[in-house]
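One structure is given below, encoded as structure tokens.
The values are calculated or read from the model by the stated rules, or taken from the named source; none is laboratory data. Here the structure is a predicted model, which means the values were calculated and not measured. Don't worry about glycine lacking a Cβ; one is built from the backbone with ideal geometry, like all the others, and counts go over all protein chains shown. With ligands, DNA and RNA removed, areas are computed over all heavy atoms of the protein, side chains included. Shrake-Rupley method; radii C 1.70, N 1.55, O 1.52, S 1.80 Å.
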Amino acid sequence: MNFAVLASGKGSNLKAMIDAIRNGQIKAELKVVISDKKEAFCLEHARKALIPAIFIDPKDFKDREAFDKAVIDCLVKHQVDFVVLAGYMRLLSSFFLKQYPNKVLNIHPALLPSFKGTHAIQEAFDYGVKLTGPTVHFVTEAMDEGPIILQEAIEIKPKDTLESMAEKIHNAEHKIYPQAIDLFVRGKLKVEGRKVIVL
Ligand code: GAR
């Protein structure tokens, strides 16, 4: 199977996937990394691993769907079977999701459905949660709402700071995202309504 990663940021999850491909945990080929941010470090991780790294500028398109069409053209060109979002800070259009139904995965740095959105770690910290952790889910049109594949709960201790809590969450992300991708690649995930059955 071939996949693409869409990312907007520093790319630590992308790096974890590249490592998981190298060590044989993920048996799929990462064909292309696409970013909507020209200077995003994720593109650097891709280049270092000799994976095509492509910047597509949202400013060149009249709306979200036109931008997504350009992304889809790139995915088709690289014969991509499924798509992995890794810190991709854009909502996908219904046009995009129709091309890849139940074939787009995302990671979110909180235990969904708590703390959806772009400031999940800060909001969970400010709320004073005792448990938090990342969620891997299938992407649907509503933000951070698709069927849940894997979650990992992390205990927050009184001495934890925002930084130490973020570090624990990121470490857990780098563990469960490759696990979820491996399950998907091996055909072990069956979606039934909101539920994902691990076969
Ligand atoms: C990750 O923590 C991911 O959970 C989060 O962006 C970060 C990307 O880090 N995604 C979201 O908040 C999506 N709502 P990375 O660029 O180092 O992989």
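Some notes on this structure:
- For the pair Ile197 and Ser114, a Förster radius of 22 Å applied to the C-beta separation gives a FRET efficiency near 0.45, rounded to the nearest 0.05.
- Percent antiparallel among DSSP beta bridges (both partners in the chain, rounded to 5): 45
- Value of relative contact order over the chain, rounded to a whole percent, pairs C-alpha under 8 Å and six or more apart: 20
- Axis angle, to the nearest 10 degrees, between helix 64-77 and the longest C-alpha principal axis of the chain: 70 degrees.
- Anisotropy class of the chain from Cα gyration tensor, a/c 1.5 cut: rounded
- Packing-based ranking, highest mean first, of 103-116, 177-190 given that Cβ atoms within 10 Å are counted: 103-116, 177-190
- Measuring nothing but protein heavy atoms, the accessible surface of the chain at 1.4 Å probe radius is 53 percent carbon and sulfur.
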